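For reference, the structure discussed in these notes is given below.
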Amino acid sequence: MLGQVGDLFVIVLEALRRSWDVRHWWWEFVDQCWFLARVTSVPVLLVSLPLGATVALQVGELAWQLGAGSATGSAVFVGLIREVAPLASALLIAGAGGSAMTSDIGARNIRDELSAMEVMSVNPIHRLVTPRMWAASTIAVCLCPLVILAGASGGYFFNVVVQGVTPGAYFDGALSLVVASDLYVTLFKAWIFGFIAAAVACYKGMTCATSPVGVGRAVNQATVVTFMLVFTFNYVISAVYFLAYPPRSL
């Protein structure tokens, strides 16, 4: 396990080492950004709408029992901005985009294309891994506003239309607990999670067994490992953030 962690760090550091040489990986970066945006934008909307509605429904029922129905907007927006948005974008990047990255690089590996690139004095990490890591980080950050808007729309429907809370109370409660630092930390977490998803996907693809079965197992392992790392880093970052900036009360 320690050897695999070391190999992963070697690939990540090697990919970062020549990140400044943008002209060699710019077009691959653009292609990967377009691919990730195409395969994740619609699913993230479809996931966020019912998720925000479910949070509003569950929290709204409890808030009505406590006589604080107008506080549902606060719970929905705080949950979406602080936790749901970066996690949803990262899981979609890992599930839809990361699996495609692993299968693509794994297929290149079993066809010996990576070795052929090395023979031609082309570093496969700089050419393939670097643009994918930056593209996944960029798209993960861009998906966060979509998650927040879609989740807030779902919460608005259940809280205002179904439960009868006024729109003014919904949005006033939403803005009472959210601060600018919450959004900054959310975007930072999304960037880190997208980076992790792409790094693990590329590592598993480059080190998979040279067979079709090995590629399939690498895709499965990359998805599981990414989920574990994302939730672990999310807990660490959230804990540090809450220690530095304690949540304010209504």
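Could you look at the chain and say what percent of its accessible area is carbon and sulfur, using a 1.4 Å probe and all protein chains?
Working: 8770 of 12390 Å².
Heavy-atom surface of the chain belonging to carbon and sulfur, 1.4 Å probe: 71 percent.
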Report summary line: Yeah, region 137-184 with a ≥ b ≥ c from its alpha-carbon gyration tensor (a/c under 1.5 is rounded, else prolate when a/b outruns b/c, oblate otherwise) is oblate
Query raised in the report: Using a Gaussian network for the chain with springs between C-alpha atoms less than 10 Å apart, which of these wobbles most: GLY214, GLY98, GLY106?
Result: GLY214
Report summary line: With a ≥ b ≥ c from the Cα gyration tensor eigenvalues, square-rooted, and the rule rounded for a/c under 1.5, otherwise prolate when a/b > b/c and oblate otherwise, region 1-54 is oblate
Report task. Calculate how large, on average over all directions, the projected area of the Cα convex hull of region 89-217 is; give the answer in nm² to one decimal. Result -> 9.8
Report task. Give, in nm to one decimal, the length gained when the segment between VAL42 and LEU243 is fully stretched (0.36 nm per residue of separation minus the Cα-Cα distance). Result -> 68.8 nm
Report task. Sort 2-14, 229-241 for me by packing, meaning the mean count of neighbouring Cβ atoms within 10 Å per residue, highest on top. Result -> 229-241, 2-14
Query raised in the report: Per residue, how much accessible area does region 1-151 show when a 1.4 Å probe rolls over the protein heavy atoms, in square angstrom?
Result: 48
Report summary line: Comparing VAL161, VAL84, VAL219 in a Gaussian network model of the chain (Cα, 10 Å), the one with the largest mean-square fluctuation is VAL161
Query - Stretchable slack from ASP172 to TRP20, in nm (0.36 nm times residue separation minus alpha-carbon distance) - result: 50.3 nm
Report summary line: Which of ALA201, ALA116, ALA107 fluctuates most in a GNM of the chain (C-alpha springs under 10 Å)? That residue is ALA116
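The values are calculated or read from the model by the stated rules, or taken from the named source; none is laboratory data. The model shown is predicted, which means the values in this text are computed figures rather than measured ones. Note that we place each Cβ from the backbone using ideal geometry, even for glycine, and neighbour counts take in every protein chain shown. Remember, those area values only see protein heavy atoms, side chains included, never the ligands or the DNA or RNA. Shrake-Rupley method; radii C 1.70, N 1.55, O 1.52, S 1.80 Å.
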